[in-house]
1. Which residues, counting only those in the range 56-74, are free of Cβ contacts under 8 Å to residues at least 24 places away in the same chain and not small (G, A, S)?
2. Keeping to the range 56-74, report how many residues are part of a helix (DSSP H, G or I) and surrounded by fewer than 22 Cβ atoms within 10 Å (Cβ to Cβ).
3. Give the range 124-180 a look and list any residue that's in contact (Cβ under 8 Å) with a residue 40 or more places away in the chain and on the phi > 0 side of the Ramachandran plot, or say none.
4. Looking at the range 231-265 only, could you name the residues that are open to solvent by less than 40 Å² (accessible area, probe 1.4 Å) and modelled with pLDDT of 90 or more?
5. Sort through S53, S77, S31 and tell me the only one that's free of Cβ contacts under 8 Å to residues at least 40 places away in the same chain, open to solvent by less than 60 Å² (accessible area, probe 1.4 Å) and among the polar types (S, T, N, Q).
6. Search the range 130-159 for residues being hydroxyl-bearing (S, T, Y) and within 18 Å of the chain's Cα centre (by Cα), and hand back the single one that is surrounded by the most Cβ atoms within 10 Å (Cβ to Cβ).
7. Here is a check on your reading of the model: is N361 at pLDDT 60 or above and either buried (at least 16 other Cβ atoms within 10 Å of the Cβ) or closer than 22 Å to S53 by Cα (or both)?
8. Which one of the conditions (1) at pLDDT 90 or above; (2) out of contact with any helix residue (DSSP H, G or I) (no Cβ under 8 Å at 6 or more places or on another chain) does M314 fail to meet, given that it meets all the rest?
Amino acid sequence: MQRHLGGYQESAAATGTYGIMASDREDFSLSGPLHLAIVDWTNAHHRRSVAASLVQGVYILERDRQLKRQGPQALASPWWEFFHFQLLRHLVDDVDSSIFAAIYEFKPPKSHYHNSIDESPRYVIAFRGTITKPESVSRDLELDLHILRNGLHETSRFEIAIQAVRNVVATVGESNVWLAGHSLGAAMALLAGKTMAKTGFFLQAFLFNSPFFSAPIERIKDERVKHGLRIANSVITAGLAFATKKSYHNTRSADPFAALSAWIPFLFVNPGDHLCSEYIGYLEHRKKMDDIGIGAIERLATQNSLGGLLMSAMGWESEPLHLIPSANLIVNLTPCQDFREAHGIHQWWRPDLDIKSKLYNYK
């Protein structure tokens, strides 16, 4: 089994999540959320399931292209048509010509108009993660490496993405647009959301298994050791940030991190997925630092990463993509068989998830 930074695709012969063959996982009638015949847009499970399905639709659009599946052989369209979305357009990478995102428009029939319709999006811009197939893997892994070095904003794929987001928001307004993405795609959606928030547009975002690259502290079972390591990391990070003058003199009006705090994306993580699980400790650690009276240190540390500070010291100025002030953190506590299941997009529309949710609002 291949493991990688940003996606879920493997050999077509592999058996994976819930015993379903890899090829079957592309078929909505076999692995989609068929239980959502009517969507209640006020229901968090329904919103999460639809957003994840629309992301899956982008994965399958690209697989249809790669396998030249057309007409009745194509598998992508049920992933959005089941929920009464139409594919407005797809976004194509200028390097490998792969489909990496899609813009959907919500077009419900009049029979589906009900009170919850006001909570629905008008447009959803969804981003897929890495696909480990020859047609796309080289470019996708290149972008995964850009995430590691905080350089995703410099890529042509992101430029295509953010221009599309700006165009849609300029046409219909921020309240009518959702962003959604999985893994590499979640990083794209996160960066797009942060970029728009900096200009005063706060888009609802659904970020599934978004990468957070750091030491795997969250995997340590001993809570005292884990907490001690996080305190040490915060002190060192804050000290380096202060030494390199990456502080804002306690002036919130000049603090770009505080300015972003009004944007609160939905962040979906699984403790068994080491690529995203550090978000759990990253967000919870702030409260613990406040509780022991050293919240000021953490407020400086939480805006920086050791890797980012070291890169800045070497002249590579970059903002850590994964650091966010506020989030609605949704943790899937349902036991998983392996990393692949914990990192997969399919988990997020299961009706029997054991979910823990918590709002973290940066102050």
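The values are calculated or read from the model by the stated rules, or taken from the named source; none is laboratory data. It should be emphasised that the depicted structure is a prediction, and the values quoted were computed from it without experimental measurement. Note: ideal-geometry Cβ built from the backbone for every residue, glycine included; neighbour counts use all protein chains shown. Each accessible area value is taken on the protein alone, full model and side chains, heavy atoms only, with ligands, DNA and RNA left out. Shrake-Rupley method; radii C 1.70, N 1.55, O 1.52, S 1.80 Å.
1. D64, L67, K68, R69, Q70, P72, Q73
2. Looking only at the range 56-74, we keep the residues that are part of a helix (DSSP H, G or I), and these are 56-67, 71-73.
Restricting the remaining residues to those that are surrounded by fewer than 22 Cβ atoms within 10 Å (Cβ to Cβ) gives 64-67, 71-73.
Within the range 56-74, residues that are part of a helix (DSSP H, G or I) and surrounded by fewer than 22 Cβ atoms within 10 Å (Cβ to Cβ) number 7.
3. Answer for the range 124-180, where residues must be in contact (Cβ under 8 Å) with a residue 40 or more places away in the chain and on the phi > 0 side of the Ramachandran plot: just N150.
4. Once the filter is applied, which keeps residues that are open to solvent by less than 40 Å² (accessible area, probe 1.4 Å) and modelled with pLDDT of 90 or more, the range 231-265 yields W263, P265.
5. Working: S53 fails: free of Cβ contacts under 8 Å to residues at least 40 places away in the same chain; S31 fails: free of Cβ contacts under 8 Å to residues at least 40 places away in the same chain.
Selected residue: S77, the only one of S53, S77, S31 that is free of Cβ contacts under 8 Å to residues at least 40 places away in the same chain, open to solvent by less than 60 Å² (accessible area, probe 1.4 Å) and among the polar types (S, T, N, Q).
6. Step one: list which residues in the range 130-159 are hydroxyl-bearing (S, T, Y), which gives 130, 132, 136, 138, 155-156.
Retained after the next criterion (residues that are within 18 Å of the chain's Cα centre (by Cα)): 130, 155.
Numbers: T130: 24, T155: 20.
Per the stated criteria, the residue is T130.
7. On the way: at pLDDT 60 or above: yes; either buried (at least 16 other Cβ atoms within 10 Å of the Cβ) or closer than 22 Å to S53 by Cα (or both): no.
It is false that N361 is at pLDDT 60 or above and either buried (at least 16 other Cβ atoms within 10 Å of the Cβ) or closer than 22 Å to S53 by Cα (or both).
8. It fails just one condition, (1).
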